[in-house]
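Report on the structure given below.
The values are calculated or read from the model by the stated rules, or taken from the named source; none is laboratory data. All values reported here derive from a predicted model rather than from experimental measurement. Cβ placement follows ideal geometry from the backbone for every residue including glycine, while neighbour counts extend to all protein chains displayed.
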Amino acid sequence: MAHKILVVDDEQIIRESISFVLREEGYDVTEAINGSDAYQKVLNSNFDLIITDIEMPMMKGIELLEKVSQTNPLTIIMVITAYGSLETAIAALRLGASDYILKPVEFDELLIKINRLLNYKQLAFENQVLRRELQREYSFDNIVGKSDAMQSVFDMIKHVSQTNSNVLITGKSGTGKELVSRAIHFNGPRNNKSFVVVNCGAIPETLIESELFGHKKGAFTGALRDTDGYFKTADGGTLFLDEISEMSLTLQVRLLRAIEQKEIIPVGSTTPIPIDVRIIAATNRDLDEEVENGKFRSDLYYRLNVVEIKLPSLAERVEDIPILIDHFVDKYRKEMGRNIKGVDPLAIKYLMNYPWKGEVRELENIIERAVIFCKGEIITRNDFPQSPNTTEELVSLGGQTLTEVLSDFERDYIRKMLIQNDFDKEKTSQVLGFSTATLYRRIKDLNIQDKPDGVTTSHN
C-alpha cells in the first residue's frame, strides 16, 4: 500500500509541482491550500507524512504542526522554509517536526529525505510491535500456576516489578528464575531499556571482571580496543545475574562497590563511569548457608536481597502440573503446527507422580518431545521417554478401564486439593472450578475420606 502524503502550501505552483513529483514516485498524495484546510483533512484521514510551508494564511505551518502533534502524534511532519527563515525551521524542529527543506525545493533532496523519514517510521513501528510481543511473551500469563505457592509468587512479582529495587530469586534449577526476572523487567518502568543476562557460572573467572565492567585498550593481552561491559550495556535497564553464588569473593567486592556507588571502573582505567542499573540476581543455592560458610559476602547478600522471591519446586505445587501440561501442549502444537488436542488421563497421572529432578524445564522438555513424536491427536504415556520405573508404573496402572483410571485420577486430585486448602470445601470448589454442592457429591461418589483426626497441613 502506498504511503499517504499531505502537501500543504498556499503557493499553487510549489504545491502542485511537489505533488506531481511524489505521485510519479508512487505516493498517494493529497493537497491542501493552507494550514486550516490541511487540518480539516487530517481530522478526516490518516497521513504518514505531512509536508507543509510555514508562512501561510488562515493557519501557519507552526500552528498546524502543534495541532497535528496533539491529535496524530505518529504522523511525520516536514516543513518547507525559505533560507532567510531558517530560525523558524529550527523552532519547528524543537516543536516536533522531523525535518525541513529549503526553498527553492530540490526534488532529489526532497525524495531522499522522504524515503529516510518513512523508513525510520517503519522501523519505529516494527520496534513497537516487537516490544509488545516481548511484553506479551514475558507477561504474567506465561508464568503458569494456580496453587497457593504460585499465587504468592505472582503477588510479589506484581508488587516488585513497579519498583527499581534489587531482587533475589531463589529456587531449584529449572523452576523458571529467568522467566520471572524477565516478567519483572518487562512489566516495570524500565521495560523500554535493555535486559541483559549474565550467567556468572559460565564465564571464566579471568574474564568475568572485564565482561561485567568493560576494559580499556591495552589493559591486557588481546584488549585491542575499548570495550563496554554488561553494566554499561544494561545502563538504564536491568542486569540479571544468574548463578550469582558462583562469583568469586574478589569480584563480589567490585560488584558491591558498583551497586553502592552506582558507578563502575573498567579494567585498565581509573575513571569511574556512572551507571543506573537494576540488579536481579538468582541462585539455586542457600545463600544464607553460603554466607555462614564464608563463600558469599554478607554485605553483598543484603544489597541483593532487598526482596527475595522463592520459587517453589513442582513437588510443592503438584496441582499445577495439569495446568502446565496444557500450557506447554498449546505452546508447542502452535509452534509446530501439530493437531494435538490434549493428553490422556493415564499420561497425566504418570506425570503428576513423576520425580521432577529438572523441575518445570524438564516437564516442558518432555511435553515438547511428546508433541513431536505423538502419532495421533492425544498424547499418551507411550509418547514420553522411557525411564527406569516405566515398567513398574505401567504394571501398577495397567488392567484398569478408562473409567477406573479417570476415577482414580479425580479422586487423587480432589484429595490433594482438599489437603492444600485445609479441607475448606468452599475454597477447594473454587480452585477446582465447580460448585460446593458438586464437590460434596463427588466426595461421596468417589468415597473420598474426609479430614481425619490429627491431620495437619503446611503451606510454603
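General observations
- Every listed requirement among (1) within 21 Å of Leu249 (Cβ to Cβ); (2) surrounded by fewer than 19 Cβ atoms within 10 Å (Cβ to Cβ); (3) touching a residue at least 12 places away in the same chain (Cβ under 8 Å) is met by Ser194 save one, (1).
- Condition check for Asp299: surrounded by 17 or more Cβ atoms within 10 Å (Cβ to Cβ) and outside any loop (DSSP other than H, G, I, E, B): no
- Cβ-Cβ under 9 Å pairs, at least 6 apart or on other chains, region 30-54 side assigned by TED's automatic domain parsing to the domain that holds Phe20 and more than 18 Å from Leu95 (Cβ to Cβ), far side surrounded by fewer than 22 Cβ atoms within 10 Å (Cβ to Cβ) and small (Gly, Ala, Ser): Thr30/Ser19; Thr30/Ser45; Glu31/Ser19
- Only one entry of Ser313, Ser269 meets the criterion of being surrounded by fewer than 19 Cβ atoms within 10 Å (Cβ to Cβ), more than 14 Å from Leu168 (Cβ to Cβ) and touching a residue at least 60 places away in the same chain (Cβ under 8 Å), and that entry is Ser313.
- Applying the set (1) surrounded by fewer than 15 Cβ atoms within 10 Å (Cβ to Cβ); (2) closer than 14 Å to Pro266 by Cβ; (3) under 23 Å from the mean Cα position of the chain (by Cα) to Lys217 leaves exactly one unmet item: (3).
- Considering the conditions (1) surrounded by 17 or more Cβ atoms within 10 Å (Cβ to Cβ); (2) among the aliphatic types (A, V, I, L, M); (3) closer than 23 Å to Lys121 by Cα, Met56 is excluded by exactly one of them, (3).
- Residue within region 76-92 that is in the same structural domain as Leu22 (by TED's automatic domain parsing), loosely packed, with under 15 Cβ neighbours inside 10 Å and at positive phi present: no
- Restricting the first member to region 401-425 and to residues that are over 16 Å from Thr438 (Cα atoms), and the second to residues that are part of a loop (DSSP other than H, G, I, E, B) and at pLDDT below 70, the beta-carbon pairs closer than 6 Å and six or more apart or on different chains are Ile419/Thr457; Asp422/Thr457.
- Val318 touching a residue at least 24 places away in the same chain (Cβ under 8 Å) and crowded, with 20+ Cβ neighbours inside 10 Å: no
- Annotation: of all residues in region 389-439 being outside any helix (DSSP H, G or I) and of a type in the set (Phe, Trp, Tyr), the one that is modelled with the lowest pLDDT is Phe434.
- Among the residues listed as Arg303, Arg278, the single one being in contact (Cβ under 8 Å) with a residue 24 or more places away in the chain, assigned by TED's automatic domain parsing to the domain that holds Asp228 and within 17 Å of Leu251 (Cα to Cα): Arg303
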